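The values are calculated or read from the model by the stated rules, or taken from the named source; none is laboratory data. The structure displayed is predicted, hence computed values, not measured ones. Note that we place each Cβ from the backbone using ideal geometry, even for glycine, and neighbour counts take in every protein chain shown.
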Amino acid sequence: MISPTPSPIPGIVAWPVLFLLALVSIGRWWLLRERDVDRLLNRALTAALVGLLLRETWVQYLLVLALPIPDNDVIQIANQGVLAAIVLTVAGIYGLAQLWSGADPQGTWRRQRVYDAGALLSGAIILIAGTPARNAGQLIDQKMGWPAVVVWIAFYIPLAATAWLVGKTSIHELRHTDAATTWRERMVIAGVLGIALVVGVDSIANPTLTMVAVLGDRPALDPGMGFKTWTFFIDAVWGGTVVAIPLISALLIHTGWDRTGRYSRRLEPLWRDLTAAVPEIVLDPTHDRNGRTIPATRLYRMTVEIRDAVLNLQRYAADVPPELGDLDARAFAQHLATLIDAKAAGDAPYRSPSPGTSVQPRARDLAAELQLLLDLAKVWPPSTRHQTHHAVDTAFGRIGAPGQ
């Protein structure tokens, strides 16, 4: 068996990174695939991962064992296939950059078919021009000659066009950010701009240096292509890190450990008891296309229902009832517990529902409203939850938990 050319990236560095990139890619295909932007990013990341894997010695050994063609052909096709995978990665990034720069979203996949066709054409040129190097069992920069110039021109034209578009759009976005732009968004834009700058410089330098070396009949400065391999590796790691940021947020939301999810869990005991006491105020839950409750909508719904339940229970107060915020949280919790006991005992309310009562929170400041409810939930007495245990079971059997 012919030994593959060892990758310049040490295995102790490459494999942990490849493992993490694979996790990011799987995670994004799992949680972030609804939008065209996310699907384009996922395609680009997957193609980059394939390109990195094709350069690894163990992957090439496995391909040699699996494919019924000469060992040398498998290894050399894998080496040059890295370049084709990179161009396919760039095609996805170019489609994403077009959307980012304001292209019509309705034409995303029609345009993408054109970009993918261009990537396939570039890959075919690379493989055709790389034939002398494959036949010699060498890398492109080891064989050199004019075929190498053709390879690098075909390879770097798509990269240069993408770097220009991405860089221009990134600079525009950074210059026009406003107060609504989060630090995560700025970090993503800055990271993308950094990748575009590195790729742009590389796209100009490498074909130029190859042409100069061929004209002067000199060997390549880096015949083992170590610098090119490290550049692609660093860009892929950088890009994978950038696209992992939204994945972390999506994972937190999916597991309920984002801020909205944490607030909902803190409110849930209070919400369960109040909606069990006043089940008629419960709203129909809203679900996304996958049948999941939208976290922000769930929190807003719980807030509305708690406030409306409080308004309903206040009718059972003999005196003028205090408003939420008039008393400290513990005193107001005891006040509500008394009203729940009165309603459960069958007492008649002292006043009728106010005409035109809205289910919306009365407070204008929703953040202040939420904080009052969180303070109330923190001291909500276990005795109240025990007293309404049967009603809670009944209500849950009818309406379902807020996260379902």
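General remarks:
- Residue match in segment 254-265 (condition: hydrophobic (A, V, I, L, M, F, W, C) and surrounded by 14 or more Cβ atoms within 10 Å (Cβ to Cβ)): no
- Count - residues of segment 152-170 that are among the β-branched types (Val, Ile, Thr) and surrounded by fewer than 21 Cβ atoms within 10 Å (Cβ to Cβ): 2
- Scan of segment 112-156 for residues that are assigned to a helix (DSSP H, G or I) and of a type in the set (Gly, Ala, Ser), ordered by number: ALA117, GLY118, ALA119, SER122, GLY123, ALA124, ALA129, ALA133, ALA148, ALA154
- Checking every residue in segment 98-109 against the condition of being surrounded by 20 or more Cβ atoms within 10 Å (Cβ to Cβ), in contact with a Phe, Trp or Tyr (Cβ under 9 Å, 6 or more places away or on another chain) and not aromatic (Phe, Trp, Tyr) gives at least one match.
- Any chance VAL37 is surrounded by 15 or more Cβ atoms within 10 Å (Cβ to Cβ), in contact with a Leu (Cβ under 9 Å, 6 or more places away or on another chain) and under 15 Å from PHE232 (Cβ atoms): no
- Taking segment 1-102 and the helices (runs of 4 or more DSSP H) fully enclosed by it, no element has 2 or more residues that are basic (Lys, Arg) and touching a Lys or Arg at 6+ places or on another chain (Cβ under 6 Å).
One line per residue, one yes/no per condition, for (1) farther than 29 Å from LEU252 by Cα; (2) at pLDDT below 75; (3) out of contact with any His (no Cβ under 6 Å at 6 or more places or on another chain); (4) not aromatic (Phe, Trp, Tyr):
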residue	(1), (2), (3), (4)
ASP284	no, yes, yes, yes
ASP308	yes, no, yes, yes
PRO321	yes, no, yes, yes
GLN334	yes, no, yes, yes
ALA337	yes, no, yes, yes
PRO355	yes, yes, yes, yes
GLU369	no, no, yes, yes
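- Restricted to segment 203-228, and to residues there that are over 24 Å from LEU96 (Cα atoms) and β-branched (Val, Ile, Thr), the residue that is surrounded by the most Cβ atoms within 10 Å (Cβ to Cβ) is THR210.
- Residue within segment 193-205 that is modelled with pLDDT under 85, in contact with a Gly (Cβ under 9 Å, 6 or more places away or on another chain), of a type outside the set (S, T, N, Q) and outside the structural domain of ASN42 (by TED's automatic domain parsing) present: no
- Among the residues of this structure, VAL188 does not count as one that is closer than 16 Å to ALA205 by Cα and surrounded by fewer than 21 Cβ atoms within 10 Å (Cβ to Cβ).
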